[in-house]
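> Structure incoming, see below.
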Amino acid sequence: QVQLVESVGGSVQAGGSLTLSCVASGHTYYSNIMGWFRQAPGKEREGVAVIYRGGGSTYYSDSVKGRFTISQDNAKNTVYLQMNSLQPEDTAMYYCAADWEIKYGGRWLTHSEYKYWGQGTQVTVSS
């Protein structure tokens with residue numbers, strides 16, 4: 001099993017920045033792929049950013065590309081999400097996720113592909 005613990009989110013004004021972290025523990029061999037997903041009220045859970053820890057490849061949703069950056073510290077089993085130029089549309093519960101298997105066919109940002117999940121952390125952006 002893998003346990004995932006996200007840092008506390010926060011509340012910022014539009015245009016502001018925030019960084020989230022996620023620490024994996026337990027059988028971290030099974031957290032080869034880690035990423036961030038978010039879900040706003042009334043909407044489906046969507047993939048935000050994913051990193052393949054072994055190879056370093058990253059994948060982003062079109063809505064955050066150029067504003068968000070995912071990175072890792074493998075020695076600490078930690079993944080970060082740096083969020084810049086935040087907008088009210090980014091308001092959501094953010095979840096850290098992990099899995100082992102390589103994703104094919106453009107499914108890196110598909111939430112059903114991931115087995116392990118954190119508890120979620122709230123990010124609120126006000127106008």
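> Counting only protein heavy atoms and a 1.4 Å probe, tell me what percentage of the range 1-120's accessible area is made up of carbon and sulfur.
About 48 percent, which is the carbon plus sulfur part of the accessible surface.
> Once you keep just the Cα pairs under 8 angstrom separated by 6 or more residues, what percentage relative contact order results for the chain?
In percent, rounded to a whole number, it is 36.
> Still on this structure, I have one more. In Å², and per residue, what accessible area does the chain have when probed at 1.4 Å with the other protein chains present?
I get 50 Å² per residue for the chain.
> Among ARG53, ARG45, ARG67, which one shows the highest mean-square fluctuation when the chain is modelled as a Gaussian network with alpha-carbon springs under 10 Å?
ARG67
> Which lysines, on any chain, are close to LYS103 with Cα under 19 Å apart, when same-chain ones fewer than 8 places away are left out?
Leaving aside lysines fewer than 8 places away in the same chain, those within reach of LYS103 are LYS115.
> Along each of its three principal axes, how wide is the spread of alpha-carbon positions in the range 67-127, in whole angstrom units, largest first?
Its Cα atoms span 39, 28, 23 Å along the three principal axes.
> A follow-up question, please. Multiplying the sequence separation of LYS76 and ILE102 by 0.36 nm and subtracting their Cα-Cα distance, what value in nm do you get?
Roughly 7.2 nm would be gained on extension.
> For the pair SER126 and TYR29, what calculated FRET efficiency results from E = 1/(1 + (r/R0)^6), where r is the Cβ-Cβ distance and R0 = 30 Å, to the nearest 0.05?
Computed FRET efficiency for TYR29 and SER126: 0.15.
> If you don't mind, another one. What size of dipole, in debye to the nearest 20, comes out for the chain about its Cα centre when the only charges are +1 on Lys and Arg C-beta atoms and -1 on Asp and Glu C-beta atoms?
Its charge dipole is roughly 100 debye.
> Roughly how many Å is it from the Cα centre of the range 75-127 to that of the range 4-53, as a whole number?
Rounded to whole Å, the Cα centres lie 3 Å apart.
> Next question, about the same structure. If one puts a single equal scatterer on every Cα of the chain and applies the Debye formula without solvent, what log₁₀ I(q)/I(0) results at q = 0.11 Å⁻¹?
-0.33
The values are calculated or read from the model by the stated rules, or taken from the named source; none is laboratory data. Bear in mind that the values here come from a model prediction, so they are computed numbers and not experimental data. All Cβ positions, even for glycine, are placed from backbone atoms using ideal geometry, and neighbour counts span all protein chains on display. Heads up: the accessible areas ignore ligands, DNA and RNA and are worked out on the full protein's heavy atoms, side chains in. Shrake-Rupley method; radii C 1.70, N 1.55, O 1.52, S 1.80 Å.
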